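The values are calculated or read from the model by the stated rules, or taken from the named source; none is laboratory data. Keep in mind the model is a prediction, meaning the values are calculated, not measured. Here the Cβ positions follow ideal geometry from the backbone for every residue, glycine too, while neighbour counts run over all protein chains shown. Surface areas here come from the heavy atoms of the whole protein model, side chains and all, with no ligands, DNA or RNA. Shrake-Rupley method; radii C 1.70, N 1.55, O 1.52, S 1.80 Å.
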Amino acid sequence: MKTVRNQLLVAAAAAGVIGMAAAVRANTYTWVGSTADWNTSTNWTPTGGPPTAADTAIFSGATSNTAVTLSGTGNALGIGFNGSTGYTVGTTTGPAIDLASGGYVNLQSSDTASQSVNAPIVIGGNESFTNDASGSANTLAVGGSVTGTAGAAATDTLTLTGTNTGANAVNGVIADGSGGGNVAVAATGGSWTLGGVNTYSGGTTVDNGASLEYTNTAAFGPGTITIGVGSGSATYGTLVAGVGGTLANNITTVAPGYTGSDVFNTNGVTTTLTGKINSGGWKITGGGTLIYATSSNSGEEDQFVTGGSTLEVASGGYFGNGNLSLTDGHFVSGNGVVATLAGFNGDSSSSISIATANSGVQNLNGTALNNGTDPHGNATQIYAGAITGAGSFIVDRQYTFASGSTTIDGASALTGFTGTLGVNYDGILNVSLVTGLSGNAVEFTGGAYNGSAAATTEILYLNGTGQVALGAVSMAIGNPWGSGFTGSSAVNTIDAGGTNNTVTISGAISSSASPGNPTSLVLQDGKFALAGGITSGAVQVASTGTLSNINFTLGSGGSLAGSGTLTWNLSGNSGDLLTDNGTLNITNLNLVLNMTGTQTFSQYVLVDYAGGTLTGTAFASVTGLQPGWTLDYSGTALNPSSIVLSRVPEPGALALLAVGGLGLVLLGRKRRSADM
C-alpha cells in the first residue's frame, strides 16, 4: 500500500509540473475565421485557442469574417497584423480585450492594409501600440477605451511608436482605471492622433521624432505634456494642433528649440496656452497662432517661429529669457509681459507687433545669433521685417555685456511703428534710414549694473543715408531693480551714421538722472536739429556732430557742451535763437554762421543766456563771419546777456558820430560859458 501511495504522489507531482509548464507556455494563434467570434476555439490555428494572457493573436491572411466579434472578454499578450487583409476587432460597446503586462498591438512591416481594434482594451502594465507598416495609408486605429490597472502610486505607460507616418489614432477614452494608479502616454515614433476626451493623469511625452496630434483640447487629461529628446537619430518630438481652442496643460520642452529640436505645429489654427510653459525652447510652425496666456511661465528660451506662424503674448501672459528667431514668422506682444530676450533675429517676411499697453518691453540682449557685424565691428542680430504698434522696442546687454547689437533694416521696417525705441546697458540699436523713421521716441533707460563704476555707452546708430525725425529723447540712470544695484554716469549716443545725414529730434530731450548720477547724450557723426529743445540733462556735441541749427531752448535743468559744431542760420532778418535757461559751455564748441539775403538790422541775437549761465568767453572757432560784423559775447546795451552778431559801423558813420560827439561837447561848453 505504501508503494502504491508513493506512486500516486509522484504521479500527482508530475501532473502539477506539467500543468505549470502548460500555464506559462506562450503560443501564437493565427485567426482563420470559421465564424466571427474571438472566443471560439475553431477560429484559431493551431487548435487550442482562443489566446490566453501569455499568447499572441495574429491576423494575417483570412478572407472571411474579418469583422471579429467577442462573445466574452478576450485575452492576449499581443495582437499582431501582418497581411494584406484589413480587420476590425471588436466593438466599442462590446467586451474588452485584456492585454497582459508588456503587451502590444502591432502592425508589422509586412502589413499592407489598415487595421482597427475597436474593442475596449484593459492594459495590465506597460503596453505599446506600434505601426511599422511601410505604406502611410496602412494605419492603425484604436476605437475603444484604453484603461489602466496600476495600483496606487504606480503608473501604466502606453507607448505609441513605430515608423509609419500615416493617420494612426487612439480615439477611445484613455483613463487611469480603478486600481488607484495612473496611465501615462509616450509617443516615441511614427505619427499618432489622440481623439478621446481623455482622463488619464500620468502625463504625455512626445520625443524621438514622433508626431502627436490632438483633435480635442482635453486629449491629454490633466497631466503635463513633455516634448523632449529621444534616443534615436530623429531627436525631436512634434505636438500638432488638430483643433483650435484653449490647451490648459502645463508644457515642458527639453531640447534647445532654436535648432528645431522640439516642434509645436500650429496647423493653421489658433491655440491658447493657459498652463505653465517650462520651455527649453521649440520651433513654432504650421501657419497658425500660438498664444501664451499665463504669467507663471519659466525658462522660455529659443523660440523659433517659422512657416507663417504667429507667437502672441496675450494679456496676463509672459514670454522671454531666450532667443527669438523669426523666419517667415510673426511675433505679437499683445498686452502681456515680454522680458529680456537673449538674442533676436528675423527676415524680411517676418513681422513684429508691439501693443501700446504692453506692460513689458522687447529687451534684446547682445548675444549674437548670426555672424554679421554692426558699423562698430560688433556681432549683430538682424531684423529686416516690419515692426508695428506703439509699445517699446528696446535693445540691451544688461546680463552679458558681450559684443552685440540689433539691426533693424529693410525698406518698410519701421513705417508702421509709432512707439519707443530704447537702448539700455551698453546696447547698440542700428536703424536703417531707407524710408525714414518718423516721430518715434528714443529712450535710454540703462545704468551701471551690479555696482559697476564704469560708465555705460548706449548707441542708437542710424544706418544708411537720409533724414530721420525722432520724437522725444529721454534718459534715465540709477537703479531699476532696487537695493543692491548702484548707478553711475551714463553716456548715451545717437550716431547719425554720416556727415550728410540729418536727425531731427522733434520732442524734448530730458533726463531723469538723480543727483550724483548725471546722464549725458552725445550727438555724433551727422547733423542734428533739436526742435524740441533740452528740458533737462547734459547734451554733448561730439567732434563729428553738428547741431544743424540752434533754434531751440535749453531748459533750466539742461546743459549743452562738447567739441562739435553749432550752425546758426540767418536768412534776411530772420535768424535762429538759442535760449539758454540752463548751462551753455562754448569753450570747445565751433560756430558756423550761415548768412543769406539782406540784413537791415544792426544786431542779431544768437544766444540769449539771461535766464541761464554762459561758460567760456568765446567759441573755439568761428566760420562764416562776414566782413563788417562782429560777435559780442558779453551782450550789448540793446541786447544784454546775449551773444550778439553786431554790424560794425562804416567809417563815414563813425566820422559823423565823432562830429556829433564834438558838437555835443562844444554845446555843453557854450552852455557852461553862458552860465558864467
Collect residues whose amide H, placed 1.01 Å from N in the peptide plane, falls under 5 Å from the amide H of Tyr104; neighbours closer than 5 in sequence don't count. Gly78, Ile79, Ser128
The extension gain from Ala153 to Ala26, computed as 0.36 nm times the residue separation minus the Cα-Cα distance, is 42.7 nm
Could you pull out every residue, at least 5 positions away or on a different chain, whose amide H is within less than 5 Å of the one on Gln115? Hs are placed 1.01 Å off N in the peptide plane, and Pro or chain starts have none. Thr139, Leu140, Ala141
For Ser71 and Ala339 in one chain, what is 0.36 nm times their gap in residues minus the Cα-Cα distance, to one decimal in nm? 90.4 nm
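How much length is gained on full extension from Thr457 to Val197, taking 0.36 nm per residue of separation minus their Cα-Cα distance? The partial results should precede the final answer.
On the way: separation 260, 0.36 × 260 = 93.60 nm, distance 5.65 nm.
The span from Thr457 to Val197 would gain 87.9 nm if fully extended.
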Of Tyr318, Tyr87, which has the most accessible area and how do the rest follow, probe 1.4 Å? Tyr318, Tyr87
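Take peptides 420-428, 53-61, 604-612 and line them up by average Cβ neighbours within 10 Å, highest first, as a rough protection proxy.
On the way: 420-428: 25.8, 53-61: 18.8, 604-612: 20.3.
So the peptides 420-428, 53-61, 604-612, ranked by packing, come out 420-428, 604-612, 53-61.
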Rounded, prolate or oblate: which one fits segment 584-642, using the alpha carbon gyration tensor with axes a ≥ b ≥ c (rounded when a/c is under 1.5, else prolate when a/b beats b/c, else oblate)? oblate
